[in-house]
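The values are calculated or read from the model by the stated rules, or taken from the named source; none is laboratory data. Note that the structure is a prediction, hence the values are computed from the model and not measured. Cβ: placed from backbone, ideal geometry, glycine included. Neighbour counts: every protein chain shown. Please note that ligands, DNA and RNA were not included when accessible areas were found on the heavy atoms of the full protein model with its side chains. Shrake-Rupley method; radii C 1.70, N 1.55, O 1.52, S 1.80 Å.
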Amino acid sequence: MGNIDAATTNAIILVAVAGAVAGLVGGLLASSRASIIGSILMGAIGGISFASIFAILGINPIVDAGQGFSYLYAAGGGLLLSLVVTASNK
């Protein structure tokens, strides 16, 4: 197995942060009683997942975070996953 280089690691961290912020927004939109930590974590997971899927598919990033990852795709994934998880938890 190969090592992940520093540029890829930084890009993944950046999309995780973008997803976490969008996840917090998504959690609060879905319910005023949403768990802040849970919304942030779901957003980070959704952000990394969506940004990775689009990068693997070779779709050009709209707002480039580096190494083919996109802030916009990460924010969309974080928002979507957080909304779905929070709404289904009511």
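The table that follows gives values for the structure above.
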| quantity | calculated |
| --- | --- |
| Residues that are part of a helix (DSSP H, G or I) and not aliphatic (A, V, I, L, M), drawn from segment 25-41 | GLY26, GLY27, GLY38, SER39 |
| Residue in segment 65-84 that is crowded, with 24+ Cβ neighbours inside 10 Å, assigned to a helix (DSSP H, G or I) and of a type in the set (Phe, Trp, Tyr) present | yes |
| In segment 1-55, residue least open to solvent (accessible area, probe 1.4 Å) [restricted to those that are of a type in the set (Ser, Thr, Tyr) and in contact with a helix residue (DSSP H, G or I) (Cβ under 6 Å, 6 or more places away or on another chain)] | SER39 |
| Options GLY47, GLY38, GLY78: the member that is of a type in the set (Gly, Ala, Ser) and either at pLDDT below 95 or in contact with a strand residue (DSSP E or B) (Cβ under 6 Å, 6 or more places away or on another chain) (or both) | GLY38 |
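Let's see how each residue does on (1) under 13 Å from LEU79 (Cα atoms); (2) not in a helix (DSSP H, G or I):
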{"site": "ASN3", "(1), (2)": "no, yes"}
{"site": "ILE12", "(1), (2)": "no, no"}
{"site": "ALA18", "(1), (2)": "yes, no"}
{"site": "GLY23", "(1), (2)": "yes, no"}
{"site": "GLY43", "(1), (2)": "yes, no"}
{"site": "ALA51", "(1), (2)": "yes, no"}
{"site": "ILE56", "(1), (2)": "no, no"}
